[in-house]
Amino acid sequence: MPHLYLVDGSSFIFRAYHVLPKLTNKHGEPAGAVYGYVSMLWKLADELDKADGPTHLAVIFDKSEQTFRNEMYDQYKAHRPPAPEDLVPQFPMIRDATRAFSLPCIEEAGWEADDLIASYSKAALAQGWQVTIVSSDKDLMQLLTEPGIDMLDTMKDRRMGPEAVVEKFGVGPDKLGEVLALMGDSVDNVPGVPGIGPKTAAKLILEHGDVEAVLAAAPAMKPGKLRDNLIEHADKARLSRKLVELACDVPLPDPLESMELNGIPDAPLRAFLDHHGFKTLLARLGNAGTTVADAPVETPDVPGLEEDPPCNHDGYATVTDAAELDRWIADARHQGWVAFDTETTGVDATRAELVGVSLALKPNIACYVPIGHGGTDMFAEKPVQLDRDVALAKLKPLLEDPSVLKIGHNLKYDAIVLARCCPELGGITVGPYDDTIVMSFDLDAGLHGHGMDELAATHLSHSCIAYKDVTGSGKKQIGFHEVDLKAATRYAAEDADVTLRLWKRFKPRLAYEGATRVYEMVDRPLVRVIADMEREGIKIDAAVLSRLSDDFSKQIAALEEEIHAIAGFKFTIGSPKQLGDVLFDKMGIKGGRKGKSGVYSTDVNELERIAADKDSPGREMVLKVLDWRQLSKLKSTYTDALQAQINPATGRVHTSYSLTGAQTGRLSSTDPNLQNIPIRTETGRQIRDAFVAEPGNVILSADYSQIELRLAAHIADVPALREAFESGEDIHNRTAMELFGEVNRDTRGRAKTINFAILYGISRWGLAGRLDVTPDEAQGMIDRYFQSFPGISRYIADTLTEAKQAGYTTTLFGRKTHFPRLQSKTQHERAGSERAAINAPIQGTSADIIKRAMARMGPALAEAGLPNVKMLLQVHDELVFELPEGDVEAARPVIERVMATAAEPAITLTVPLGIEIGVGPSWGAAH
DNA sequence: CGGCTCACG
DNA sequence: GACGTACGTGAGCCGA
């Protein structure tokens, strides 16, 4: 079925103009709105991939100021200020841009874009087409009356149907015109009825049906301002009703068929981008058709970035008055975006209590709203501050307002705190949002850290007030709620201010440097998903861990005694230094190797080497030390530590995921790290039995099988490996056959080692060490591997060449990882970076894929009617869920499908993604 | 706080 | 001629 996309060009120009900083093109002409507009069209091109993407598309513009509405009412849009001086010359450039994309540009004298959009929609729907209006204009929402039509807000990445109208205005699209008429619109100068805003308008229309009926009922209403105004301004109401009505029968300037999409020819677009010097977009064009999102470009320069004034803490406001808070909120609404930060009592978002919120609107224009200051002693005097409930009731609508962008730095933290802060209000669900920590990561992974202090120093040459300067440190450290309001305001408002400044720099860079796709499609949506997972946590059966702890304790004590008896004296077994001395000096074991700190190495390889020698005098002790080490590790890191991590309020463990921790794009997990729970040995695996489901629920674990090898087969284009995955063959067996000509336990094990080694860029010496062969033999295996799978050596060479030239590697989804040390003068550093660069596209693509699956999982489960299936954990290639036992069979195929198709439609892989699913009462049992 | 060791993918 | 040798993480312990 044809699907027509109608782009509201005019409204988009204004939004692009106001959202983006003032940019200029290479000729020094103002071109920010042009750039924003082109980026939007580009983003829209992503829709082409989708199943219900456009088959037809046109951009609609306003032609002139004079329309039939001016004839009705000469004041219509009369008070609109003229377009800003630097925007005017961009109008013709934008029409050029549209033509450069070979898209029809439609405008007609006497009609507004809205009327043309309404008329085209009606005509298309009449022919049974689907229609999507690309706009966020409230007047156009009147058109959402039929099932075949919806709206798309590309800037917020949001699709809207009739529910969105009900949510925003309290009435359906069929009554929206009535409500808009009563409300009026000060920007367009639609008069409406004085004193009636959205709430009253909706109430009246719901009660009476339409404007005429409201007016007719007015004389009978209870005496008051509302009644008087309705009677006095009845004519204005009737006029407003006509002004907001969209004309649906404008003669169509071009036939619908002329809007058919037939691909975007290269040449005109290239010429246009080249004319303006939009380098990154040009580079992307150069790469169109390949699977890599962005070609390497020279250091991109964002032209004409405004210099912000230096930070000045003295101007920050402490808001302790309701009316003042209202003003800040109104200003934020008016502007459409606001940077914010929360101050709390601690670093663990799932336990911390809210102490205050800071807002920043413009550089140096920021405030702090304290709501929880004062000592914990209930008799202690508290500073004058807004009542917590009052302040939160005012902040909640702003933080949830779909038309105001909220900007945070590590917003995941704030999102969790705010979701928990006011259960009586149903929590606060922050959105829509941007997160500067994630933006920085998507732009500059590998170049530097992404903490606010470091970013402020790097990008703003500003050194932030240190948290410790405000709260002190060590024994004398106080909680933020105990900090006096003056100091708290300086610190908190500065954080919001800096966040805003960073955002202004990062936002245009994302588009310029080709990072928008990975940010918008992968990492930004994940912030909310991860926040929800962390808040959910996972139940731990403390009794299981406590039993294991006791068990381990006894074994450890027994081993300790035996080890000391063998040595003949007591020493600290856990000290590598003492252990090394005992083994290699006192007991005289040969072959000890000292590291650079002068201590003998006693790691597991070394000890196993000793144990392998049947005649070694240290064999008995070393075996016991290995056991002791394993048990000590399990006890201190897992069975003891995990019990201490149980949140008393929830009875569950809430890890914290870092979205920016791993350079490749993987997540990392801390406090506790739930991505390294033992599994490889039976003793360790028992710890997973303590991760359990609530009664009536079960744990479901779904993992990608061999995802990195599959991706290597795709990315390096290795037919032999691809076929093996296609036919479901065991991949290590296949490699063993290719390399050794026969498959047995030994050759399969070696093949497995080599398969992984290759992905990590191994050397002959490294492989020799792992396989216990000579470097020459190892080299022979590597050579044979490359002969069997020639794509691999090509991949390694190409990846290194590109990485050295561009300074970064790229995943299939366009995620960059920078490798500045590829240029290092030290061979050691260079070699290390080369190995990392070989691995990064594969590990990173795998990370992108599971992240996409995670972002889509919630909606897919909701759509399947499975709201009680909760995603709890991610372990790089595995997702762990908790769900009602009765939902298992329904959830299984949904989870499998979402994971297996997570690369689509952006990327079509030439290998299938295999998913393995297990279910059980505990994580251990689900494997 | 660095080094060592070891848990995971 | 010596060095060091597989990628990505986080945590606990020791000892300076």
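Summary of values
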{"read-out": "Scan of the range A:189-212 for residues that are among the β-branched types (V, I, T) and within 17 Å of A:D174 (Cα to Cα), ordered by number", "value": "A:I205, A:V211"}
{"read-out": "Hey, A:L261 touching a helix residue (DSSP H, G or I) at 6+ places or on another chain (Cβ under 7 Å) and open to solvent by less than 70 Å² (accessible area, probe 1.4 Å) or not", "value": "no"}
{"read-out": "Residue count, the range A:875-891 (criterion: farther than 18 Å from A:S922 by Cβ and modelled with pLDDT of 95 or more)", "value": "3"}
{"read-out": "Of all residues in the range A:417-438 being part of a loop (DSSP other than H, G, I, E, B) and within 20 Å of A:V338 (Cα to Cα), the one that is most open to solvent (accessible area, probe 1.4 Å)", "value": "A:T429"}
{"read-out": "A:A736 farther than 30 Å from A:N673 by Cα, away from DNA strand C (no atom under 16 Å from the Cβ) and open to solvent by less than 20 Å² (accessible area, probe 1.4 Å)", "value": "no"}
{"read-out": "For A:S658: the one exception among (1) within 16 Å of DNA strand B (Cβ to nearest atom); (2) touching a residue at least 40 places away in the same chain (Cβ under 8 Å); (3) under 30 Å from A:T809 (Cα atoms)", "value": "(2)"}
{"read-out": "Residue, nearest to A:E694 (Cα to Cα), within the range A:541-573, restricted to residues that are open to solvent by 50 Å² or more (accessible area, probe 1.4 Å) and within 15 Å of DNA strand B (Cβ to nearest atom)", "value": "A:Q555"}
{"read-out": "Qualifying positions in the range A:601-642 - over 25 Å from A:D551 (Cβ atoms), of a type in the set (S, T, Y) and near DNA strand B (Cβ under 7 Å from one of its atoms)", "value": "A:S601, A:T602"}
{"read-out": "Scan of the range A:507-523 for residues that are among the basic types (K, R) and either in contact with a Gly (Cβ under 7 Å, 6 or more places away or on another chain) or farther than 18 Å from A:V19 by Cα (or both), ordered by number", "value": "A:R517"}
{"read-out": "Single residue of A:A831, A:A778, A:A806 found to be open to solvent by less than 30 Å² (accessible area, probe 1.4 Å), at negative phi and not assigned by TED's automatic domain parsing to the domain that holds A:A724", "value": "A:A831"}
{"read-out": "Unmet criterion (only one of (1) closer than 27 Å to A:G914 by Cβ; (2) under 24 Å from the mean Cα position of the chain (by Cα); (3) open to solvent by less than 20 Å² (accessible area, probe 1.4 Å)) for A:K816", "value": "(1)"}
{"read-out": "Helices (runs of 4 or more DSSP H) enclosed by the range A:52-141 - at least 3 residues per element that are at pLDDT 80 or above and surrounded by 15 or more Cβ atoms within 10 Å (Cβ to Cβ)", "value": "A:90-100, A:113-126"}
{"read-out": "Hey, A:D585 open to solvent by 50 Å² or more (accessible area, probe 1.4 Å), away from DNA strand B (no atom under 12 Å from the Cβ) and outside the structural domain of A:D532 (by TED's automatic domain parsing) or not", "value": "yes"}
{"read-out": "Residues located in the range A:885-905, provided they are open to solvent by less than 30 Å² (accessible area, probe 1.4 Å) and either in contact (Cβ under 8 Å) with a residue 60 or more places away in the chain or on the phi > 0 side of the Ramachandran plot (or both)", "value": "A:V888, A:A891, A:I895, A:M899, A:A903"}
{"read-out": "Failed item, numbered, when A:K279 is tested on (1) within 18 Å of A:E29 (Cα to Cα); (2) at pLDDT below 70", "value": "(2)"}
{"read-out": "So A:V698, is it within 31 Å of the chain's Cα centre (by Cα), closer than 18 Å to A:L548 by Cβ, away from DNA strand C (no atom under 16 Å from the Cβ) and not assigned by TED's automatic domain parsing to the domain that holds A:L771", "value": "no"}
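Matching residues to (1) hydrophobic (A, V, I, L, M, F, W, C); (2) closer than 14 Å to A:K635 by Cα:
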{"site": "A:D551", "(1), (2)": "no, yes"}
{"site": "A:Q555", "(1), (2)": "no, yes"}
{"site": "A:A558", "(1), (2)": "yes, no"}
{"site": "A:T572", "(1), (2)": "no, no"}
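The values are calculated or read from the model by the stated rules, or taken from the named source; none is laboratory data. What you are looking at is a predicted structure, and each value in this text was computed from that prediction instead of being measured. We place every Cβ from the backbone using ideal geometry, glycine too, and count neighbours over all the protein chains shown. Heads up: the accessible areas ignore ligands, DNA and RNA and are worked out on the full protein's heavy atoms, side chains in. Shrake-Rupley method; radii C 1.70, N 1.55, O 1.52, S 1.80 Å.
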